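A short reminder: the numbers here are calculations on the coordinates, not readings from a lab. All figures in this text were calculated on a predicted structure; none of them were measured in a lab. Methodologically, a virtual Cβ is constructed for each residue, glycine included, from the backbone with ideal geometry; neighbour enumeration extends over all protein chains shown.
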Amino acid sequence: MLLISSYSTRLLMTLSYGARFMALLLVTNLLRTKKVDEFTSRLLDIHSKMLELNKKEEIRLGLHRSDYMLDEQSKSLLQIELNTISSSFAGLGGLVTELHKNILSHYGELLGLSSERIPANTARNQFAEALAKAKCEYNDPGAVIMFVVQAEERNMYDQHLLSLALRERHRITSVRKTLAQIDQEAELLPDGKLYVDGQAIAVIYFRAGYTPLDYPSESEWRARLLMEKSSAIKCPSISYHLVGTKKIQQELAKPNVLERYLENKDDIVKLRKCFAGLWSLDESDITKRAIERPELFVMKPQREGGGNNIYGDAVRETLLKLQIAGSQEDAAYILMQRIFPTNFATFFMRSGCCHKDHAISELGIFGTYLRNGDKVIVNEQSGYLMRTKISSSDEGGVAAGFAALDSAYLT
């Protein structure tokens, strides 16, 4: 582990043991990344400000999605990543499942398929329920839930389905604001309560803020800091956001790290079976192998949203450039074992046109987590997301245009 400053150490000593260890994990393992990745650096600056203020977050809300692929050689589901911010498609994913079940209920007999083999997908309702329970814990009946969205949102209908479930099932009002609008309209009261456009905010649900493109000016950064200072429940908080970075995923996969969080040895073994190989670029043996056999690795930066990973010969080229430069820019990346799932023939529908191609699928498991102090209120598996893409495509994001929403079929 890297050494941290005595200043950071003094801040960490003011926290509880659990919070102190997680803050230590973030500060130490992202310190090198901070020096070479401006976006991660700005997020860490906000995190440091919260430590300095000794900002306590008694209520924690997480809407997660853990993504997996089935490795053909080992026949194991291996984890791609854990999303802690803007875990999308809880709304549209369930809608596609309903579509497929409906089609098979009418035409399944002709195809030799049964609609009963498609598992139910209740992700939208469970996400909405977790948001509603978080608002209840905030204990301000007049407050609303705020969706933080991108200025030119392409995935709005997935978000609107959650808003609809909040309104119809829980009678909760939600509002949509961009980071720039929040900077212009928000007011932070001395007691920590946040008001936006005159409305009290109970829960801030981030569907933006995970990419540098969401921060084109200082206005957006001011909004992020203001929200973090508030007493509103953040989904996720700045520390929760940073825990989802690739570097932390790689650190958690190291020997003896899971043991700091889990006591059950069987659970630790099961978790480790899901971990693909993960390495930092300062491990010379792995870096050398990746240069020799780049097709066996994926190079990942600290980015979310699809379209950012490096594959194939570009892995070798990037690693060689970093070695020649001799800088610390390698801290902006991790190396991950490339997973090779079985491909299959399927039909894709895009823009009203249907075509057949070979494809692979990625399974995402949604999870909801809500805690108030030491009391865990929600900790559940909350539906799934199936994405299918052409097997020749390296990337897999739906919103980024690489994959299509799909359903699981149990055989």
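A few comments on the model shown:
- Antiparallel %, DSSP beta bridges [both residues in the stretch 41-200], to 5: 75
- In this structure the amide hydrogen of residue 83, modeled in the peptide plane, comes within under 5 Å of the amide hydrogens of 65, 66, 67, none closer than 5 places in sequence on its chain.
- Under DSSP loop assignment and at most 11 Cβ neighbours within 10 Å, longest GluC sites (Glu not before Pro)-free interval of the chain: 1-151
- Less than 5 angstrom separates the built amide H of residue 278 from those of 337, all sequence-distant by 5 or more or on a different chain.
- Overall form of the chain per C-alpha gyration tensor (a/c, 1.5; a/b vs b/c): oblate
- Anchor residue 389: aspartates and glutamates whose Cα lies under 15 Å away (excluding residues fewer than 8 positions away in-chain): 67, 357, 362, 406
- With neighbour counts taken as other beta-carbon atoms within 10 Å, the residues 175, 144 rank, fewest first, as 175, 144.
- Taking the Cα centre of the stretch 277-338 as reference, the dipole from Cβ charges on Lys and Arg (+1) and Asp and Glu (-1) amounts to some 140 debye.
- Residues 354, 274, 235, 136, arranged from fewest to most other Cβ atoms within 10 angstrom of their Cβ, appear as 354, 274, 136, 235.
- Too-long pairs where the Cα-Cα distance tops 22 Å, listed order kept, from 246/375; 56/246; 133/234: 246/375; 56/246
- Overall form of the stretch 277-338: rounded. Here a/c, set by the Cα gyration tensor axes a ≥ b ≥ c, is under 1.5.
- Exposure proxy order (Cβ contacts within 10 Å, fewest to most) of 69, 146, 156: 156, 69, 146
- Counting only Cβ charges, +1 for Lys and Arg and -1 for Asp and Glu, the dipole size of the chain around its Cα centre is about 520 debye.
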